[in-house]
Amino acid sequence: MDFTSRMVALLGELRRERNGAVADAMRCYGAPYGLNYGVSLPTLRKLARAETPDHDFARYLYLQEVRELRLAALHIARPESLTPDEFPAWAAGIVNSEVAEEAAFAFLSRSAAFPALFDAWIADPNPLLRYAALHSAARSDLLTAAWIA
């Protein structure tokens, strides 16, 4: 099945779980997304984890202007596949604190490339990238006294 077919199937599952009141509230509080179904994070995580981990598919989903697809991508991505060359692509999708926190929780903190990402993002002028880096550091098993120095 190609990426588009897989994405449409996932969107179908997400649509069944949509919550318009949550989506409206998020818009009111300035969470910028092109399209937002208001699916709860626990439900979204469950649906995303049912997908086969696939880094390329996750990158495809992450480019979509749909809240649930972008967040699901963080659970479908393979942390071991993250490379420094990809940091800008993942950074571009961190448009609010929800994506920053979910990226740290689901993906960034579990990557062997995290120390390099931390060095790059903690010095970035974008406060959301610094926020994601700090949240990831708090969760990372790579955090040691030697690494901090």
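Can you go through PRO125, PRO88, PRO84 and tell me which one is within 28 Å of LEU14 (Cα to Cα) and at pLDDT 95 or above?
Only one candidate passes the filter, namely PRO88.
Going by the structure shown, is TYR62 open to solvent by 20 Å² or more (accessible area, probe 1.4 Å) and either among the hydroxyl-bearing types (Ser, Thr, Tyr) or in contact with a strand residue (DSSP E or B) (Cβ under 8 Å, 6 or more places away or on another chain) (or both)? Show your work before the answer.
On the way: open to solvent by 20 Å² or more (accessible area, probe 1.4 Å): no; either among the hydroxyl-bearing types (Ser, Thr, Tyr) or in contact with a strand residue (DSSP E or B) (Cβ under 8 Å, 6 or more places away or on another chain) (or both): yes.
For TYR62, the condition - open to solvent by 20 Å² or more (accessible area, probe 1.4 Å) and either among the hydroxyl-bearing types (Ser, Thr, Tyr) or in contact with a strand residue (DSSP E or B) (Cβ under 8 Å, 6 or more places away or on another chain) (or both) - is not met.
Just the residues that are part of a helix (DSSP H, G or I), modelled with pLDDT under 90 and surrounded by 15 or more Cβ atoms within 10 Å (Cβ to Cβ), please, taken from the stretch 25-56.
Step one: filter the stretch 25-56 for residues part of a helix (DSSP H, G or I), giving 25-28, 41-49, 55-56.
Keeping just the survivors that are modelled with pLDDT under 90 gives 25-28.
Result: MET26, single match.
Looking only at residues in the stretch 66-123 that are part of a helix (DSSP H, G or I) and in contact with a Pro (Cβ under 7 Å, 6 or more places away or on another chain), which one is least open to solvent (accessible area, probe 1.4 Å)?
So the first thing to find is which residues in the stretch 66-123 are part of a helix (DSSP H, G or I), and the list is 67-76, 79-81, 84-92, 97-106, 108-110, 114-122.
Pick out the ones that are also in contact with a Pro (Cβ under 7 Å, 6 or more places away or on another chain) and you get 76, 110, 116.
Numbers: ILE76: 1, ARG110: 142, ALA116: 46 Å².
Residue satisfying both the conditions and the ranking: ILE76.
Suppose we keep only residues that are more than 26 Å from ASN36 (Cβ to Cβ) and of a type outside the set (Gly, Ala, Ser) within the stretch 128-148. Which one would you say is modelled with the highest pLDDT? Give the derivation first.
As a first pass, look at the stretch 128-148 and keep what is more than 26 Å from ASN36 (Cβ to Cβ): 137-138, 140-148.
Imposing the further condition that a residue be of a type outside the set (Gly, Ala, Ser) reduces the set to 141-144, 147-148.
On the way: ASP141: 81, LEU142: 75, LEU143: 70, THR144: 69, TRP147: 63, ILE148: 63.
Applying the filter and picking the extreme gives ASP141.
The values are calculated or read from the model by the stated rules, or taken from the named source; none is laboratory data. Keep in mind it's a predicted model, so treat the numbers as computed, not measured. Glycine gets a Cβ as well: all are built from the backbone with ideal geometry, and neighbour counts include every protein chain shown. Calculation scope for accessible area: heavy atoms of the full protein, side chains included, ligands and nucleic acids excluded. Shrake-Rupley method; radii C 1.70, N 1.55, O 1.52, S 1.80 Å.
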